[in-house]
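Okay, structure first, notes after.
What follows is calculated from the coordinates using simple rules that are stated; it is not laboratory data. This one's a predicted model, so the numbers in the text were calculated from it and none came from an experiment. Here the Cβ is made from the backbone with ideal geometry for all residues, glycine too, and neighbour counts use every protein chain on show.
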Amino acid sequence: MKVLAAMSGGVDSAVAAARMVDAGHEVIGVHLALSRMPGTLRTGSRGCCTIEDSMDAQRAANVIGIKYYVWDFSERFKIDVVDDFIAEYESGRTPNPCMRCNERIKFAALLEKALALGFDAICTGHYASILQDAEGNLELHRSNALAKDQSYVLGVLTQEQLKHAIFPLGHSASKDEIRAEAARRGLSVAQKPDSYDICFIPEGDTQDWLAERLGSTKGEIVDMQGNVLGQHQGAHGFTVGQRKGLNLGKPAVDGKPRYVLGVDVKTNKVVVGPAAALAVKELAGNKYSWCGKALSNPDQFIEVEVQVRAHGEQVPAQMAVISGEMVIKLQEPIFGVAPGQTAVIYLGTRVLAQTTIDRTVSAVDDFSTASASIS
Amino acid sequence: MTIYLDYAATTPIRDEVLDCYVHYLKELGNPSSVHSSGQGVRRALEEARETLANVVGCNRAEVIYTSGGTESNNMAIKGLYWQRNAEDSNRKIIISAGTEHHAVLDPIEWLVKHDHAQVLWLPMDKNGLLDLDFLANLLAEKHSEVALISLMLANNETGVITDITRVTALAKEFDIPVHSDAVAAFGHIPLSFKDSGLTALSISAHKIGGPIGVGALIFSRASKLESLIHGGGQERGLRSGTMNAPGAKAFAHAATMANKELAAESVRLAELRDELIEGVLNAFDCASLTGPRSNRLPNNAHFTFEGCSGDSLLFLLDQAGISVSTGSACQAGVNGPSHVLLAMGRSESEANACLRMTLGNQSTSADVAALLKALPQAVSAARKAG
């Protein structure tokens with residue numbers, strides 16, 4: 001096969017590319033330029049689109065012995081990921097830009113371009129596995145390296161996209177194994193730190209970054225009864241479940257910490273309350289997709305597990321599609337789920353589906369007014 | 001076997017030049033040393049200076065060796081600005097054009113940001129031809145505030161040639177120095193520094209079959225320049241640092257050869273270029289030539305391919321073993337929209353759809369034929385890729 005190895009400049013994608021060469025494929029390395037004005041050097045673990053990262057990717061490609069190109073996706077990335085991120089926060093939601101990037105850039109714009117230019121597949125350094133069922137349908141599964149598993153952010157992939165995706169690291173036991181392999185292969189990125197933060201926010205301060213773009217209008221921080229507890233510098237910077245940065249001064253009457261329960265961008269109010277009020281028992285979203293083969297009777301509730309953030313736990317639930325909406329009933333309440341987040345549905349290790357959460361139902365009847373739902 | 005159609009990026013070093021380079025690399029001596037070893041190397045350095053001066057048409061004292069075109073441009077632009085501004089603090093204006101190489105644009109922008117310079121960009125038409133009547137009016141009105149003019153002799157992306165003698169004639173009236181980046185033009189069109197009326201001219205060795213890392217600023221002995229690099233006071237005190245005698249020798253050798261071949265080679269390359277242009281325009285409705293048919297460098301063919309991204313075309317041709325370019329690549333190797341085409345008033349999609357083919361002394365009709373053979377498949381795949 002002719003395989004495009006998407007190379008970020010990190011250790012995972014470098015090893016993934018090398019493994020594809022070992023497997024006998026014709027491999028070409030491509031680094032995605034996602035910013036027209038890239039920073040020169042990396043700062044710590046932040047970002048993955050500096051010139052230094054591009055140079056790291058190129059150096060890795062040279063060591064592996066494959067050709068290397070930089071493709072410019074900065075315009076698409078700006079529209080599909082960065083602007084979407086800002087717009088989501090502007091409407092009081094908490095987006096996951098890595099999922100948007102996988103959905104719209106890596107496995108859409110990049111994949112389409114790769115196929116048009118004669119490639120058969122693209123490989124990345126994601127920790128996830130693609131397996132085939134008895135009928136030949138492709139399934140996305142969690143990685144063997146559970147601590148690094150990235151199946152969550154790949155939950156947006158469809159059967160068609162899985163057909164052209166290869167994750168050579170999925171069967172590896174751990175990141176340590178990958179780093180050791182990189183060192184063995186003479187790849188200087190072997191000890192490069194992992195990147196954690198959002199790549200297009202170089203300083204790592206999402207709140208400041210958003211304030212620069214959305215402006216900040218002072219507003220009230222209120223409790224569930226509407227009593228004003230303090231002021232905030234702009235509602236956009238708050239996310240459901242957040243505890244730090246409220247600056248309320250005096251503690252709650254019961255002495256317990258207070259959390260953001262909801263953000264109402266229309267009234268510019270941030271609602272806070274006790275941890276208990278964060279509990280939700282049901283999630284639902286209109287925008288959903290099946291990862292691999294769809295259920296044959298999606299309107300029947302089935303037992304699944306759900307995960308709502310990249311490195312969160314998976315919790316038991318029931319799921320069905322009711323009147324065009326994916327509804328997830330949780331067996332046990334979960335805390336601090338914000339509209340805009342993605343719920344990924346698992347059947348064991350298999351990723352079944354995903355939906356962007358539009359509404360949540362509070363697990364606490366008394367606190368129904370504190371629902372994090374944004375109408 | 002790679003077919004190389006990117007001579008504007010760099011050129012193969014000529015065998016004779018390489019022999020000469022290696023010969024002098026083996027010679028021991030610092031050209032500034034007083035002893036015999038030093039004197040031997042100094043002699044080679046000064047021979048080369050004289051040879052270069054003859055080729056460029058200048059006085060030997062006007063050749064200042066540098067590390068290449070970028071350094072020459074920085075030296076001329078910053079040095080002239082500082083000099084002229086120190087003589088008269090009203091002189092803050094730099095006149096230039098948006099189609100210049102980044103090695104001109106960025107020093108100017110640096111001066112704007114750090115040194116109170118103001119820049120006036122000349123308007124141009126969609127072919128990249130500058131409005132020199134505008135320049136005439138501008139000088140009539142603002143001449144006392146102008147520090148310098150910097151306009152390239154020929155554009156490195158589109159090959160469009162500037163009417164530099166008209167520029168220097170206009171500037172002469174007000175004694176305004178004119179610098180010209182001739183890195184793309186040198187060796188391809190006849191050039192005489194003396195007759196050009198220029199104050200400063202940048203040239204580079206690796207664009208004419210010489211080694212990378214050697215260049216020169218030709219700087220009029222009648223003018224003054226503030227130095228950028230300070231140290232041992234070499235090169236008229238304008239460019240300190242141990243002189244690169246082997247590089248200078250190789251540069252002079254390459255310049256001599258290019259100059260000797262220029263008359264015949266420019267005709268041969270222009271024919272080859274026209275063959276390429278005809279071939280592309282006949283084969284693709286979506287292709288249009290950038291810039292005029294004449295008044296362009298004999299070795300340059302630059303197109304926009306509507307509906308194709310230049311980097312897709314470059315990728316596909318590279319897969320087919322043909323090296324071309326989309327313009328000038330930035331450090332990270334990202335080919336964003338060409339600032340040259342944007343400055344020419346072209347749309348962002350046109351500026352993303354560029355392909356530049358540049359020819360040189362080893363280019364043949366077979367190279368052009370191979371390109372024309374590979375292009376249809378590349379264009380059709382690139383159009384699909386969008």
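According to the Cα-based calculation, Rg over Rh for region A:89-132 is 1.11, with Rh computed by the Kirkwood formula. In plain terms, chain A is cut at each of the GluC sites (Glu not before Pro) found in a DSSP loop with at most 14 other Cβ atoms within 10 Å, and the longest leftover piece is A:1-134. Only Lys, Arg, Asp and Glu carry charge here, each on its Cβ (+1 for the first two, -1 for the last two); on that basis region A:40-196 has a dipole of about 560 debye about its Cα centre. When chain A is described by a simple charge dipole with +1 on each Lys and Arg Cβ and -1 on each Asp and Glu Cβ, the residue from A:A190, A:H164, A:T94 located farthest towards its positive end is A:A190. With both bridge residues required to lie in chain B, what share of the DSSP beta bridges run antiparallel, to the nearest 5%? Counting only bridges with both partners in chain B, antiparallel ones make up about 55 percent. With N as its number of residues, region A:139-289 has a Cα radius of gyration that, divided by 2.2 N^0.38 Å, comes to 1.44.
Per the Kirkwood treatment, what hydrodynamic radius in Å, one decimal, follows for chain B from the mean inverse distance over all distinct Cα pairs?
Kirkwood hydrodynamic radius for chain B: 21.6 Å.
Beta-bridge orientation, the protein assembly as shown: approximately 70 percent antiparallel, per DSSP, counting only bridges with both partners inside.
Annotation for region A:84-120 versus region B:199-221: alpha-carbon center distance of 46 Å.
Where only DSSP H runs of four or more residues are counted, the protein assembly as shown gives -9500 deg cm²/dmol as its mean residue ellipticity at 222 nm, each run worth -39500 (n - 2.57). How would you classify region B:3-90 from its alpha-carbon gyration tensor, with a ≥ b ≥ c the square roots of the eigenvalues: rounded for a/c under 1.5, else prolate if a/b is greater than b/c, otherwise oblate? Oblate.
As a length-normalised measure over Cα pairs under 8 Å and 6 or more apart, the relative contact order of region B:276-386 settles at 33 percent. Using the alpha-carbon positions of region B:285-371, Rg (one decimal) and Dmax (whole number) come out as 12.9, 35 Å. Here is the list for region B:1-51: GluC sites (Glu not before Pro) lying in DSSP coil, each with at most 14 other C-beta atoms within 10 angstrom of its C-beta, are B:E27.
Taking only the C-alpha atoms of region A:205-317, the Rg (one decimal) and the largest Cα-Cα distance, Dmax (whole number), read 17.9, 54 Å. The rule of thumb for compact globular proteins, 2.2 N^0.38 Å, goes into the C-alpha radius of gyration of the protein assembly as shown 1.15 times. Taking every residue in B:318-327 and counting other chain Cβ atoms within 10 Å of its Cβ, the average works out to 1. Taking the three principal axes of the alpha carbon atoms in region B:224-368, the coordinate ranges are 58, 35, 31 Å, sorted in descending order. Restricting attention to region A:231-352, the count of lysine pairs at 8 or more positions apart or across chains with alpha carbons under 28 Å apart stands at 16. Summary value for chain B: 23 percent relative contact order, contacts being C-alpha pairs under 8 angstrom separated by 6+ residues. Checking every one of the GluC sites (Glu not before Pro) in region B:237-314 against DSSP loop status and a limit of 15 other Cβ atoms within 10 Å picks out B:E306. Look at the stretch A:69-78: the mean tally of other chain Cβ atoms within 10 Å of its residues' Cβ atoms is 4.
When we measure straight from the Cα of B:K92, which aspartates and glutamates land under 12 angstrom away, once same-chain ones fewer than 8 places off are left out? Result set, ordered by chain and number: B:D115, B:E145. In the elastic network of chain B, a GNM with C-alpha springs shorter than 10 Å, the most mobile of B:S192, B:S33, B:S240 is B:S33.
The largest-to-smallest principal axis extents of the Cα set in region A:15-145 are 46, 39, 33 Å.
The HN-Hα couplings worked out from phi for region B:17-34 by the Karplus form 6.51 cos²θ - 1.76 cosθ + 1.60 (θ = phi - 60°) are 5, 4, 4, 4, 4, 5, 4, 7, 5, 7, 7, 7, x, 8, x, 8, 6, 7 Hz, whole numbers, x standing for Gly and Pro.
Near B:K26, which lysines are there with a Cα under 21 Å away, not counting those fewer than 8 places off in the same chain? Partners within reach: B:K249. Farthest toward the positive end of the dipole of the protein assembly as shown, out of B:I94, B:S240, B:M257, is the Cα of B:S240, where the dipole comes from beta carbon charges about the Cα centre. For chain A, what are the per-bin percents of Cα-Cα distances with bins 10 Å wide, up to the bin holding the maximum? Taking every Cα pair in chain A, the percentages come to 5, 22, 30, 24, 14, 4, 0.
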